1. If I stretch the segment between A351 and A272 completely, what's the gain in nm (0.36 nm per residue apart, minus their alpha carbon distance), one decimal?
2. Highest mean first, what order results for 334-345, 452-463, 315-326, 81-92 on Cβ atoms within 10 Å?
3. Rank-order 348-360, 249-261 by packing density, defined as the average count of other C-beta atoms within 10 Å over each peptide's residues, highest first.
4. Lys and Arg at +1, Asp and Glu at -1: add these up for the other residues within a Cβ distance under 15 Å of K342 and post the number.
5. Kindly write out, for region 435-440 in residue order, the coupling ³J(HN,Hα) from the Karplus curve 6.51 cos²θ - 1.76 cosθ + 1.60 (θ = phi - 60°), rounded to whole Hz, with x marking Gly and Pro.
6. For T377, what accessible area in Å² do you get when you roll a 1.4 Å probe over the heavy atoms of the protein chains, rounding to the nearest 10?
7. Report relative contact order for region 301-442 in percent, whole number only (criteria: Cα-Cα under 8 Å, sequence separation at least 6).
8. Multiply the residue separation of K342 and S315 by 0.36 nm, subtract the distance between their alpha-carbon atoms, and state the gained length in nm to one decimal.
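The values are calculated or read from the model by the stated rules, or taken from the named source; none is laboratory data. This one's a predicted model, so the numbers in the text were calculated from it and none came from an experiment. A quick note on method: Cβ atoms are made from the backbone with ideal geometry, for glycine too, and the neighbour counts reach across all protein chains shown. Note: areas computed on protein heavy atoms with side chains; ligands, DNA, RNA excluded. Shrake-Rupley method; radii C 1.70, N 1.55, O 1.52, S 1.80 Å.
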Amino acid sequence: MLTFLCQRLLGRTQCQPADPQLPGEKETEAAGTCREEDAVPSLDSGEISRTDRPKKNTVYILVAPPTALQQKIVKAGDKDLDGQLDFEEFVHYLRDHEKKLRLVFKSLDKKNDGRIDSQEIMQSLRDLGVVISEEQSDQILRSMDKNGTMTIDWNEWRDYHLLHPADNIPEIILHWKHSTIFDVGESVLVPDEFTAEEKKTGMLWRHLVAGGGAGAVSRTCTAPLDRLKVLMQVHSSKSNSMRISGGFMQMIREGGVRSLWRGNGINVLKIAPESAIKFMAYEQIKRLMGSNQETLGIAERLVAGSLAGAFAQSSIYPMEVLKTRLALRKTGQYSGIVHCAKQIFQKEGAAAFYKGYVPNMLGIIPYAGIDLAVYETLKNYWLQRFATDSADPGVFVLLACGTTSCTCGQLSSYPLALVRTRMQAQATQQGGPQMTMSTLFRHIIKTEGPLGLYRGLAPNFMKVIPSVSISYVVYEYLKVQLGVQSK
């Protein structure tokens, strides 16, 4: 349940060398930071037995400050990124960290009596797949227990962990999934973090399957609005104004009610490969960045998520082009996905499958960055103001945060998305010029004005709330069916 509990209580803390001493200063044997190896014996080395008495702790006097710990605290609390921690930032760090610690304490306190005992520690670690004996659990208690009661109250828990930054709180991760839960048809969100327990037990793949199924249902339900958006992006102009009701009637007259779902098949099919590629790329990029933490900071997540999104989009981009062409096709033009792909390859060559690739890649950073920043801001605001007994925000808060962040992300990158769609569709417009990205931008501004970059925005926003709502409901249902534990 709480991976950082294992790191803090079961892992060994190695000694850090002292800072270089000043000239003329006497060397001292205790010039390094303290060592916890003797305080908490290893759980897998057989050092503890029922008959052996615990060894006495060796105490080292701290002469030099623990530099690594200082750096962690500064990084966690430095809001203005000036590399320093002023008094106001330090107070904010303490309040924020204490709030997270209280959430963790309440999740460990299974009896709700305000104390954590040996059995509760054993159960929590067992949930992580770590089986320990009662003697070992007692040793963990003694490392934090100040008054000899063999239980840990809130004050003891807080004092022990307050100056140890722990931003990988799995309870918060568990309840605040974002990209896994919400699907608005644009797969450029930064991937969710998963706890070590979810990765070890295979629960993360069940989360991804549930998210993929929710996305398929959500996209199918909102496909008419998505196709209308594509038509308005490509065909709507000052001289050919297309309204929402008129667009729907035009589609039905041309191909019947079924034509409202043109392009949805390929849109659903690309969910699985894109999600899998993006998640695996994200994990590899985290390793290449040298992160040994379970979760990354916001800036690191943005970099890793954007790179993973770019890699995934590059892998499945031909499917994006096929989706646009199938959504714009007329009745009888293509018999299916394979026929459409053959026609494009024969008439335009392989390069046609990457039309609009550049604006698509450029749109990833503003979309993912603003979506992540808004979502994390709203999440942290709620945790600071309203999280008292649990990190679970409830369905309405989740939906509100997800809808707001997705809307802001789409609004920021919409001009690039429109240019991408027009470049993908250029061959479908008979006699139309083949424009580059910059030429197309200038042409739209010159002929339609700045508002021309936002054609189709209305149906795009109309599908956000139903998309988020449907994907959340289906995701929760599939989680139950797949046996995903919500804890």
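1. Contour length minus Cα-Cα distance gives 26.0 nm.
2. 315-326, 452-463, 334-345, 81-92
3. Output ranking for 348-360, 249-261: 348-360, 249-261.
4. +2
5. Per-residue couplings from phi come out as 9, 7, 4, 5, 5, 5 Hz.
6. 90 Å²
7. This gives 31 percent for region 301-442.
8. Additional length available on full extension: 7.8 nm.
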